[in-house]
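The values are calculated or read from the model by the stated rules, or taken from the named source; none is laboratory data. These figures come from a predicted structure and were not determined experimentally. A quick note on method: Cβ atoms are made from the backbone with ideal geometry, for glycine too, and the neighbour counts reach across all protein chains shown. Only protein heavy atoms, including side chains, enter the accessible area calculation; ligands, DNA and RNA are left aside. Shrake-Rupley method; radii C 1.70, N 1.55, O 1.52, S 1.80 Å.
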Amino acid sequence: AAAPHLSGALGRALRQSPDPDRAARAAYAAVWSRQASLQREFALFGGEFLMTLDAEALRGWFAGFFALDEEVWGGFLAGWRGLPGNHHHESRAARLLFGLSLVPKLPPPVTLKLASFILEYSLKHGGALMRSLTPFFGDGAYFSEDAAPPGSPRQVGDAAVKAEIRARVGF
């Protein structure tokens with residue numbers, strides 16, 4: 001699904017400049033939009049939370065999760081723009097609404113574990129979860145097609161591979 005976007009972004013970037021860093025940023029931005037990256041941050045939080053649960057808590061979690069409308073939980077599991085039900089998760093507001101609608105369906109012990117894990121996760125990963133739910137925590141680091149990563153682009157990544165690409169391209 002992302003191949004036409006990826007190839008188009010690479011073609012445009014390489015026509016503008018043979019710089020491999022710029023081409024890589026363009027490719028990344030074509031596949032991972034800022035919105036998709038925020039959605040992924042939310043899913044990563046959920047995956048890490050599930051790994052902390054014992055069997056009983058997992059049963060409670062999934063009983064609550066699958067008590068949501070099928071389009072809502074199906075959209076979460078699909079997890080990619082353009083797939084059915086993803087509109088329930090592709091924006092910050094939609095993810096926040098999803099979370100708030102899930103909490104009352106969870107058994108109280110699981111809700112308590114979730115609240116505790118939100119705090120633990122936020123201390124460990126900074127604003128990643130909150131950033132995925134609300135704009136008040138910023139957008140975080142993101143390399144768009146035109147943005148340059150910190151430091152000199154020549155110092156980011158595998159220098160030997162970049163030197164080989166430059167030699168082959170004549171740059």
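Once you list every other residue whose beta carbon is under 12 Å from the beta carbon of Ser91, what net charge do they have if Lys and Arg are +1 and Asp and Glu are -1? Please report the intermediate quantities before stating the final value.
Values: positive: Arg34, Arg81, Arg92, Arg95; negative: Glu90.
With Lys, Arg at +1 and Asp, Glu at -1, the neighbours total +3.
Helix content alone sets the calculated 222 nm mean residue ellipticity of the chain: runs of n ≥ 4 DSSP H residues at -39500 (n - 2.57) each, divided across all residues, give -20500 deg cm²/dmol. Going by the alpha-carbon gyration tensor, a ≥ b ≥ c the square roots of its eigenvalues, is region 21-92 rounded (a/c under 1.5) or, if a/c is not under 1.5, prolate (a/b greater than b/c) versus oblate? Oblate. Only one of the listed values, [x] 53, 34, 30; [y] 59, 43, 32; [z] 63, 33, 31, was derived from the coordinates as Cα extents along the principal axes in Å; which label is it? Answer by label: [z]. In summary, the helical segments of the chain meeting the span-like criteria, namely a full DSSP H run, a Cα extent along the axis of 27 angstrom or more and a mean Kyte-Doolittle hydropathy of at least -0.5, are 34-52.
Charges were assigned to the Cβ only: +1 to each Lys and Arg, -1 to each Asp and Glu. The resulting dipole of the chain about its Cα centre is roughly 520 debye. For the chain, the solvent-accessible area with a 1.4 angstrom probe is 59 square angstrom per residue. Comparing Cα centroids, region 95-137 and region 6-75 end up 17 angstrom apart.
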